[in-house]
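**Q** Right, I'll just put the structure down here and ask away after.
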Amino acid sequence: MRDLARPLEECLQALDEKRNLQEVLRRYPADREELIELLRLSVDLGGLDAPAADPAFRLRARNRMLAAATHRRQARRWNPLATLPRPVARLAFAGGLAAALALGGLTAAAASGGSLPGDPLYGLKLGVERAQLAVTLDAAARARLQAHFTDRRLDEARRLIAAGRVEDGVREIAQYDTAVAQFNQSLAGTALDARAVSELSRLMDDRQAYADASLQALAGSLAAGGDSKSAAAVTRTQSHVDQAWRGGKHDLQARAASQPGSSRPTKPAGGE
């Protein structure tokens, strides 16, 4: 019986190297569901409150995760969890594996959640975000998650400016602008049904209003503090982001309307 160690290692390498995770999962259709559960579990551990581990300790924890997955496959015939309903068995296994991984030290992401650009763990924070996007397979859910990450960039900019790191904050606002553009680009290549289009359109309206209020407040605060140059830069970004949200929503709705079967004109009464 083939174990999960090799396919799981390939998935982890794909995430580390920023390659297409879907290509790896397609090579293991029988194990796809369990692999996704393990990958999601490794991402969810980022929310645990635990100290960061050194690289060697994290490597040992990864090996422990692989060993646990292998042991589970090999022990399936006699494992008492096999008598439980499949969702219950999955929950029990996930809980046990989460405890093993927490003890092993794969929780460095816990400290990265509140990090800002320039902090040592900020790169890890971005890596966790990429992993979350990679294991979110539903297109609409992935779009909502990506929109949430754009909000993070804006929140980081606000925190940087509040901490007196104005130049870093203005640079992060530019990164927010880039994140909005990337969000629109990802939607351009995504197939969505009418319901998803409607939900995302409302979400984009909300994000546009939030960005407009936040950036306007930041620009006013900077101007009041005598930093007219930074205030002008924020105002320019506000204008560009506003256009980006509006344009992205328009393109999304136009593309949905052009899909076959999306809308059909009503025939006149008595028409053929």
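The values are calculated or read from the model by the stated rules, or taken from the named source; none is laboratory data. Treat the numbers as computed from the prediction; the structure is a model and nothing was measured. A quick note on method: Cβ atoms are made from the backbone with ideal geometry, for glycine too, and the neighbour counts reach across all protein chains shown. SASA here: full protein model, heavy atoms, side chains in, ligands and nucleic acids out. Shrake-Rupley method; radii C 1.70, N 1.55, O 1.52, S 1.80 Å.
**Q** Roll a 1.4 angstrom probe over the protein heavy atoms and tell me the percent of accessible area of the range 102-217 that is carbon or sulfur.
**A** The C+S portion of the solvent-accessible surface of the range 102-217 is 53 percent.
**Q** Continuing with the same structure: Roll a 1.4 Å probe over the protein chains and send me the accessible area per residue for the range 159-261 in Å².
**A** With the other protein chains kept in place, the range 159-261 gives 54 Å² per residue.
**Q** Heavy-atom accessible area of Ser230 with all protein chains present, probe 1.4 Å, nearest 10 Å²?
**A** 20
**Q** Quick one: which of 120-129, 189-198 comes out on top by average Cβ neighbours within 10 Å, and what's the full order, highest first?
**A** On the way: 120-129: 16.7, 189-198: 13.6.
Per-residue Cβ counts within 10 Å, averaged per peptide and sorted highest first, yield 120-129, 189-198.
**Q** Here's something else I'd like to know. Each label point is 7 Å from the Cα along the Cα-to-Cβ direction; what then is the distance between the points at Asp205 and Ala232, in nm?
**A** About 3.6 nm, to one decimal.
**Q** How high is the FRET efficiency from Tyr122 to Ala30, r the C-beta distance, R0 45 Å, rounded to 0.05?
**A** Approximately 0.75, to the nearest 0.05.
**Q** Cα gyration tensor of the range 120-272, axes a ≥ b ≥ c as square roots of the eigenvalues: rounded (a/c below 1.5), prolate (a/b > b/c) or oblate?
**A** oblate
**Q** Can I ask one more? Using a simple spin-label model with points 7 Å from Cα along the Cα→Cβ vector, what separation in nm is obtained for Ala188 and Leu137?
**A** 2.8
**Q** Please work out how much length the chain gains when fully extended from Asp212 to Gln243, using 0.36 nm per residue of separation minus the C-alpha to C-alpha distance, in nm with one decimal.
**A** Answer, rounded to one decimal: 10.1 nm.
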